[in-house]
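Q: Sharing a structure here in structure tokens format.
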Amino acid sequence: MIKNILAVVGLFALVAGGAALAVFKPWEKTEIVSVATVSVPVVYFDALREDGVNVERVSIETGKNQKAVLYVSYSKLFKSPVILRAFDRNRNEIGRSKRVISGDVEEADYADFEFGARVPMKSVTFFELTKSKVEPVAAEEEAEPEMTEEETVSDVAEAEVLDEEEPAAADVPAVVEPEAVPAQ
């Protein structure tokens with residue numbers, strides 16, 4: 001008998017709750033705020049983890065000067081040229097930027113990686129940060145200044161004086177290491 005009473009009370013509560021929702025419709029009065037979210041790409045830096053480099057966060061700045069800004073912390077002394085490659089959702093490389101990053105133990109800093117205007121930064125889904133095998137060339141180092149005729153003549157005269165002072169290669173005895181004799 002108690003079971004029957006509880007079943008009727010439960011059924012009554014279920015019907016009353018459904019009727020209250022049908023009359024009041026609380027979901028119609030709720031304002032849903034839509035926020036434009038910007039997905040931030042992931043940075044893979046496993047190749048630099050052994051060297052004490054950790055990427056804590058990344059942000060992308062678009063516009064005239066497009067760049068990716070990485071917050072990098074260091075657990076070991078590090079100074080090396082690195083490459084930041086940008087990839088789209090199909091895992092195609094769509095851009096790259098090279099620079100030298102450096103830091104000491106327990107230091108952290110922001111590193112700006114500039115990309116060209118033609119790189120579609122809004123299509124970037126992930127970055128990959130790796131060591132570069134080549135030092136980046138600074139803009140000032142690319143073009144050597146042209147020498148005037150006077151500078152060229154004085155450089156040639158100095159070189160001739162230096163050649164006279166240095167001994168010739170034939171005068172300097174060559175150091176030859178003895179070859180290892182195979183044991184018989």
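Q: Being touching a Gly at 6+ places or on another chain (Cβ under 9 Å), assigned to a loop (DSSP other than H, G, I, E, B) and over 16 Å from residue 45 (Cβ atoms) is the filter here; which residues of segment 59-82 pass it?
A: Passing the criteria: only 77.
Q: Name the one entry in 96, 85, 89, 118 that is more than 16 Å from the chain's Cα centre (by Cα), under 16 Å from residue 43 (Cα atoms) and either modelled with pLDDT of 85 or more or of a type in the set (S, T, N, Q) (or both).
A: None of the others qualify; the one that does is 89.
The values are calculated or read from the model by the stated rules, or taken from the named source; none is laboratory data. Everything numeric in this text was worked out from a predicted model, so none of it was measured. Don't worry about glycine lacking a Cβ; one is built from the backbone with ideal geometry, like all the others, and counts go over all protein chains shown.
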